[in-house]
Amino acid sequence: MNTTHCTHHLYKSLWLILAAVYVCGCSGTEPPTAGNRNVTAYLSLNSLPITSDGTKATSPHTPEVENLINDIWVIQYNSRGIRIGEPVHYERYGEASMTVEDFKIELIEAPGSTVCLVVNTDDGTLSWPNNLPAFTEHLLDVSVTNDLTNKDRMPMCGYWTGDVTTDGQVLSVLLCRMMTRINLVVGNKTETDIENLKVELFNIPTMAYTYPRLNQESLPESAYIDSSFSDEITESLAAGESREFYYYIAPNICTEEKFATKVILTSGDRTWSVILGTDPPETPERNHTLYANNYYTFTLNLTD
């Protein structure tokens, strides 16, 4: 028998409410035309807030680790959704910080622009779609980890819309973390110690959308890793005790239960399992999606 309690924090932030307006049908890029000139602009970047729910992970992370802004990709699209100019990768050369102010970039003068930002890729060789509709469906490999150090990079994305007109404009952007954090609190509610407990996560996505919007297509099967992601407790978990585990994975955008992230715990011949999701188990028409920029805490009580 397995009982599960789920606590999650969903932030319906401004970027989820606003819809990007663009016209589809164009797939090429457009060079600057006569009268369109290069202009100097400045980025002001912050991260959307996340509030912890009070559950302490085994090695709790700090904002100074999770929110660092390192390298920045800048991709500009015009009012018709066509990419103008070449995407530019800005490497900050060891100047990672939690916020960015007055960061100089080059754009092209164009009304109704959408300037897309992808932060912390650590890769200046990436290629980006030629049109905005394709960019909103673009997936980036963000990997998966249960460890985050000062040397690691939390991938983030954001965008700015408006008229790019003159030198000196300031583009203020709130960045969304392109990952979700899962805290698993495993409690031994049996009457005996649990030996050699193994915790496995299945259906782990490693691909995340580079454009934050509410209605995203379900991830393709190729976005999931083939193997599980696991931890083991070599010492016994005494009756009444609990342990915490944490994982950073790409948001699991799915509509079918077979693609939902699943946890299986084993100890000898005993097995417990639970399917994760935004809604608690047994919820009618349950939502199995795990959204970006969120912390989820799942309390798994192991019983006989």
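The values are calculated or read from the model by the stated rules, or taken from the named source; none is laboratory data. The structure displayed is predicted, hence computed values, not measured ones. Neighbour counts are summed over all protein chains in view; Cβ atoms, including those assigned to glycine, are modelled from backbone coordinates with ideal geometry.
Only residues that are closer than 21 Å to Arg213 by Cβ and in contact with a helix residue (DSSP H, G or I) (Cβ under 8 Å, 6 or more places away or on another chain): list them for the range 273-303, please.
If the condition is that a residue be closer than 21 Å to Arg213 by Cβ and in contact with a helix residue (DSSP H, G or I) (Cβ under 8 Å, 6 or more places away or on another chain), then His288 is the only one that fits.
When you scan the range 110-129, how many residues do you find that are over 20 Å from Met207 (Cβ atoms) and surrounded by 18 or more Cβ atoms within 10 Å (Cβ to Cβ)?
Result for the range 110-129: 4.
Given the criterion of a type in the set (Ser, Thr, Tyr) and under 30 Å from Gly81 (Cα atoms), identify the matching residue among Ser230, Ser172, Ser242.
Within the list Ser230, Ser172, Ser242, the selection yields Ser172.
Which residues, counting only those in the range 249-271, are out of contact with any helix residue (DSSP H, G or I) (no Cβ under 9 Å at 6 or more places or on another chain) and either in a strand (DSSP E or B) or outside the structural domain of Asn294 (by TED's automatic domain parsing) (or both)?
Within the range 249-271, Ile249, Lys262, Val263, Ile264, Leu265, Thr266, Ser267, Arg270, Thr271 meet the criteria.
Test Ser113 against the stated conditions and say whether it is over 29 Å from Phe245 (Cβ atoms) and at pLDDT 95 or above.
yes
Run down Pro129, Pro133 and say which single residue is within 27 Å of Phe259 (Cβ to Cβ), in a helix (DSSP H, G or I) and modelled with pLDDT of 95 or more.
When all the criteria are applied, what remains is Pro133.
So which residues in the range 272-287 are outside any loop (DSSP other than H, G, I, E, B) and either of a type in the set (S, T, N, Q) or farther than 24 Å from Asp193 by Cα (or both)? First the steps, then the outcome.
Of all residues in the range 272-287, those outside any loop (DSSP other than H, G, I, E, B) come to 272-275.
Within the range 272-287, Ser273, Ile275 qualify.
Can you tell me which residue within the range 288-304, out of those that are in a strand (DSSP E or B) and among the hydrophobic types (A, V, I, L, M, F, W, C), is surrounded by the fewest Cβ atoms within 10 Å (Cβ to Cβ)? I'd like the intermediate steps shown before the answer.
Quick first cut of the range 288-304, residues in a strand (DSSP E or B) only: 290, 295-302.
Next, from what is left, pick out any that are among the hydrophobic types (A, V, I, L, M, F, W, C): 290, 298, 300, 302.
Working: Leu290: 24, Phe298: 22, Leu300: 23, Leu302: 20.
The residue in question is Leu302.
Considering the range 158-171 alone, what residues qualify as being part of a strand (DSSP E or B), exposed (fewer than 15 other Cβ atoms within 10 Å of the Cβ) and touching a Pro at 6+ places or on another chain (Cβ under 8 Å)?
Asp163
Cβ-Cβ under 7 Å, sequence separation 6+ or interchain: first residue in the range 125-137 and under 12 Å from Ile84 (Cβ atoms), partner of a type in the set (Val, Ile, Thr) and modelled with pLDDT under 95. Which pairs?
Within 7 Å, the pairs are Asn130/Thr29.
Restricting the search to the range 244-265, which residues are surrounded by 17 or more Cβ atoms within 10 Å (Cβ to Cβ) and of a type in the set (S, T, N, Q)?
Asn252, Thr261
What number of residues within the range 212-243 satisfy the criterion of being touching a residue at least 40 places away in the same chain (Cβ under 8 Å), surrounded by 15 or more Cβ atoms within 10 Å (Cβ to Cβ) and under 30 Å from Thr192 (Cβ atoms)?
Selection size over the range 212-243: 6.
Any chance the range 181-200 includes a residue that's over 25 Å from the mean Cα position of the chain (by Cα) and either at positive phi or not assigned by TED's automatic domain parsing to the domain that holds Thr271 (or both)?
yes
When you scan the range 96-128, how many residues do you find that are touching an Asp or Glu at 6+ places or on another chain (Cβ under 6 Å) and among the hydrophobic types (A, V, I, L, M, F, W, C)?
0
Is it the case that the range 176-195 has a residue that's under 30 Å from Glu109 (Cα atoms) and out of contact with any helix residue (DSSP H, G or I) (no Cβ under 7 Å at 6 or more places or on another chain)?
Yes - at least one qualifying residue is present in the range 176-195.
Quick one: is Leu174 among the aliphatic types (A, V, I, L, M) and either more than 15 Å from the chain's Cα centre (by Cα) or in a strand (DSSP E or B) (or both)? Walk me through how you get there before you give the answer.
On the way: among the aliphatic types (A, V, I, L, M): yes; either more than 15 Å from the chain's Cα centre (by Cα) or in a strand (DSSP E or B) (or both): yes.
Yes: the conditions hold for Leu174.
Which one is farthest from the chain's Cα centre (by Cα) among residues in the range 79-121 that are among the charged types (D, E, K, R), more than 19 Å from Ile69 (Cβ to Cβ) and not in a strand (DSSP E or B)?
Restricting to residues being among the charged types (D, E, K, R), more than 19 Å from Ile69 (Cβ to Cβ) and not in a strand (DSSP E or B), the top hit is Glu109.
Looking only at the range 232-243, decide whether some residue is under 29 Å from Leu219 (Cα atoms) and in a loop (DSSP other than H, G, I, E, B).
no
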